[in-house]
Amino acid sequence: MKISIVGTGYVGLVCGVCLAKKGHNVICVDSQDEVVEKINNSEATIFEPRLSEYIEEAVTEGRLLATTDLEYGVVNSEISIVCIGTPYKHDGIDLSYIEKAVRDIGRILRTKNSYHVICIKSTVIPSTTDTLIKNILEEESGKKTGEFGLAMNPEFLREGEAVMDFMNPDRIVIGSYDDKSFERFKKVYEGYFEAPVLRVSLRTAELIKYASNSLLAMLISYSNEIAAISEASGVLDAEEVLYGVTLDKRICPKTDGNLIRPEIVQYLKSGRGYGGSCFPKDLRALIAFSEGLGYVPKLLKATAEINEKQVMKIADRLEKELTNLEGRRILVLGLAFKQNSDDIRESPSIRLVKLLSEKKALIYAADPMALGKARKALEGYQGIFCLEEYEKIPINFEAIVLMTPWQEYLDFLSNGNSESLKTALLFDGCRALEKYKFNESGIKYTGIGIS
Ligand code: NAD
């Protein structure tokens with residue numbers, strides 16, 4: 001199929017590259033010249049495992065090209081998949097970027113004679129597609145929906161595992177305006193991907209995305225609530241408690257005597273809380289949407305509130321352990337909001353570094369992939385040193401804080417050979433390390449959920 005992707009950031013680029021890998025002909029449209037230039041030069045604009053390799057292959061084989069020319073993309077494709085950002089602003093999501101793109105697509109449809117489907121992949125609140133988007137398209141194209149198709153196909157990929165997730169989806173949710181839109185749009189996946197297709201209304205598709213993200217965010221905040229109770233007790237460790245919880249056969253069933261630990265168990269873990277471009281904004285958007293309907297979503301509000309406090313708690317714990325933070329040398333490992341990604345949007349680690357800087361600590365920060373983006377985000381903050389090689393720096397840190405569990409940090413910290421580890425407080429903000437190992441070695445280990 002000929003497919004245009006409108007907006008090639010994290011989601012659009014992965015989507016476009018993976019669809020090309022599966023055999024479609026893809027045109028990536030982005031408003032930024034540098035994004036387009038990089039893609040056409042077979043370069044990834046973001047870091048995701050396997051992405052560079054797949055881009056190179058698709059560009060070389062002529063199945064992927066990028067352009068800033070939206071008209072070229074729409075005219076030369078049967079389907080346009082809109083993947084434009086929907087950031088949260090004031091009291092709801094900011095639809096201005098998506099509105100502009102859809103308005104431009106509508107104008108192009110005015111003179112396009114063949115049937116074209118517009119699919120929204122961006123995360124948007126229920127009713128956006130069948131009211132705002134539909135109305136704009138009709139107004140600008142001078143056509144009635146039906147003459148062109150309309151679909152909503154939420155994206156569930158996880159950053160850091162985006163390519164694997166896109167290539168191996170667990171479900172494909174398609175909301176469609178009518179049968180014709182559905183029949184045409186499902187061809188994007190049919191025969192290319194093995195996953196159940198769930199056909200729903202446009203609004204149901206929109207809400208499934210928010211409901212999925214809020215469930216996962218809620219599990220994280222639930223775990224952090226257990227962590228707060230454990231810390232307050234003075235003796236408990238939340239991770240021991242949560243491990244006990246997960247052994248429930250309704251969570252981790254046994255098959256042939258083997259315990260299965262489903263991936264959802266990864267969210268039943270205490271730590272520095274969720275970040276990234278999705279969970280925080282999607283929670284806020286769902287809360288605002290719900291309140292707009294006259295229903296106060298108490299559980300979602302508590303989830304967001306608990307999360308908001310996690311980073312502050314780490315700073316408080318460090319302040320308590322080190323007596324005060326002024327002039328204290330603190331190594332922060334990990335700046336991306338999660339491992340295997342260079343995304344720092346709403347990263348708890350960036351928030352922590354800013355907070356420690358305000359408290360006049362000396363922060364040495366490292367990340368294998370996000371250092372460039374972090375440097376820009378931290379411009380103007382005092383006492384921050386971004387390190388390319390954290391292992392070799394001859395500094396006696398007073399605290400080392402693990403904020404993003406990159407494998408290289410887990411190896412470095414678990415190995416315990418570094419001189420700085422023997423003298424510094426090791427604070428595990430992800431609860432990714434083996435506590436008992438440190439107890440035996442004499443390293444002072446603590447973290448979220450430990451009293
Ligand atoms: P992003 O900010 O990384 O990318 C958006 C891209 O759209 C940018 O490259 C920008 O230049 C481009 N753009 C903006 N206006 C344009 C226009 N008029 N024409 C062409 N290009 C334009 O955003 P993202 O993280 O990829 O998220 C996109 C959407 O997908 C959001 O709604 C998000 O909530 C949703 N989503 C994101 C993820 C994720 O993990 N990042 C996962 C699932 C869903």
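Taking the Cα centre of the chain as origin and charging only Cβ (+1 Lys, Arg; -1 Asp, Glu), how large is the dipole, in debye to the nearest 20?
So the dipole magnitude of the chain works out to roughly 820 debye.
Along the Cα-to-C-beta direction of SER212, a point sits 7 Å from the Cα; which residues of segment 280-294 have their amide N less than 19 Å from that point?
Within reach of a label on SER212, which here means backbone N under 19 Å from a point 7 Å along Cα→Cβ, segment 280-294 contributes 280-287.
Determine ³J(HN,Hα), in whole Hz, for all residues of segment 114-131 in sequence, where each value follows from phi through the Karplus function 6.51 cos²θ - 1.76 cosθ + 1.60 and θ = phi - 60°; x replaces Gly and Pro.
7, 5, 9, 9, 9, 10, 8, 9, 4, 7, 9, 6, x, 4, 4, 5, 8, 10
Counting other Cβ atoms within 10 Å, keep those with at most 10, restrict to DSSP loop, and tell me which trypsin sites (Lys or Arg not before Pro) in segment 75-173 are left.
Loop-located and lightly packed - LYS144.
For the chain, what relative contact order do you get, as a whole percent, if you take Cα pairs closer than 8 Å and at least 6 residues apart?
Reported relative contact order: 12 percent.
Is the shape of segment 212-447 rounded, prolate or oblate, going by the alpha carbon gyration tensor and its root eigenvalues a ≥ b ≥ c, with a/c under 1.5 for rounded and a/b larger than b/c for prolate?
Cα axes put segment 212-447 in the oblate bin.
In segment 212-447, what % of DSSP beta bridges are antiparallel (nearest 5)?
Beta bridges within segment 212-447, antiparallel portion: roughly 10 percent.
Residues of segment 371-389 with amide nitrogen under 16 Å from the 7 Å Cα-to-Cβ point of GLU43?
372-373
Can you tell me the length gained on complete extension of the stretch LEU293 to MET1, counting 0.36 nm per residue apart and subtracting the Cα distance?
Residue separation times 0.36 nm, minus the Cα-Cα distance, leaves 101.1 nm.
Just going by the charge dipole of segment 212-447, with Lys and Arg at +1 and Asp and Glu at -1 on Cβ, which of ILE395, ILE220, THR246 is farthest out on the positive end?
Ranked along the dipole, the leading option is ILE220.
When a/c reaches 1.5 or more, the comparison of a/b and b/c decides; with that in mind, is segment 331-387 rounded, prolate or oblate per its Cα gyration tensor?
prolate
Add -39500 (n - 2.57) for each DSSP H run of 4 or more in the chain, then divide by its residues: what number comes out at 222 nm, to the nearest 500 deg cm²/dmol?
Helices in the chain give a 222 nm mean residue ellipticity of -13000 deg cm²/dmol.
Can you give me the distance in nm between label points at ASN396 and THR323, each placed 7 Å from the Cα along the Cα-to-Cβ direction?
Going by the 7 Å Cα→Cβ label model, 1.4 nm.
Could you size up the charge dipole of segment 93-238 around its Cα centre, putting +1 on the beta carbon of Lys and Arg and -1 on that of Asp and Glu, and report it in debye to the nearest 20?
Dipole about the Cα centre, nearest 20: 860 debye.
Rounded to the nearest 5, what is the percent of antiparallel bridges among the DSSP beta bridges in the chain?
That works out to approximately 15 percent antiparallel.
Work out, step by step, the length gained on full extension between ASP69 and SER441: first 0.36 nm times the residue separation, then minus their alpha carbon distance; give nm to one decimal.
Result: 127.9 nm gained on full extension.
Quick one: pull the percent of accessible area on segment 2-200 belonging to carbon and sulfur, 1.4 Å probe, ligands and nucleic acids left out.
That fraction is 46 percent.
Where does the charge balance sit around LYS209 when Lys and Arg score +1, Asp and Glu -1, over other residues with C-beta under 9 Å from its C-beta?
Local charge sum for LYS209: -3.
For segment 206-337, with the dipole built from +1 on Lys and Arg beta-carbon atoms and -1 on Asp and Glu ones, taken about the Cα centre, which of PHE289, ILE264, MET312 lies farthest toward the positive end?
Sorting the options by dipole projection puts first PHE289.
For the chain, which longest stretch is free of loop sites, where a loop site is one of the GluC sites (Glu not before Pro) that DSSP puts outside H, G, I, E and B and that has at most 16 other Cβ atoms within 10 Å?
Answer - 195-325.
Can you check what the net charge comes to around TYR436, using other residues whose Cβ is under 12 Å from the Cβ of TYR436 (Lys, Arg +1; Asp, Glu -1)?
-3
Taking amide H atoms as placed 1.01 Å from N in the peptide plane, list the residues 5 or more away in sequence, or in a different chain, whose amide H sits under 5 Å from that of PHE385.
Residues meeting the amide H criterion: ILE363, TYR364, ALA365.
For the chain, what class follows from the C-alpha gyration tensor (a ≥ b ≥ c being the square roots of its eigenvalues): rounded when a/c is under 1.5, otherwise prolate if a/b is larger than b/c, else oblate?
prolate
Determine, from the Cβ-Cβ distance of ASP33 and GLU308 and an R0 of 51 Å, the FRET efficiency 1/(1 + (r/R0)^6), rounded to the nearest 0.05.
Approximately 0.90, to the nearest 0.05.
Please give the net charge around SER176, taking every other residue with its beta carbon less than 11 angstrom from that of SER176, where Lys and Arg add +1 and Asp and Glu add -1.
Neighbourhood net charge equals 0.
About its Cα centre, what dipole magnitude does segment 2-200 give when the only charges are +1 on Lys and Arg Cβ and -1 on Asp and Glu Cβ, stated in debye to the nearest 20?
Using only the charged Cβ atoms, the result is roughly 660 debye.
GLU240 to THR111: extension gain in nm, 0.36 nm per residue of separation minus the Cα-Cα distance?
Taking 0.36 nm per residue and subtracting the Cα distance, the gain is 40.1 nm.
The values are calculated or read from the model by the stated rules, or taken from the named source; none is laboratory data. All of these numbers come straight from a predicted model, not from anything done at the bench. Note that we place each Cβ from the backbone using ideal geometry, even for glycine, and neighbour counts take in every protein chain shown. Accessible surface areas use protein heavy atoms only, side chains included; no ligands, DNA or RNA. Shrake-Rupley method; radii C 1.70, N 1.55, O 1.52, S 1.80 Å.
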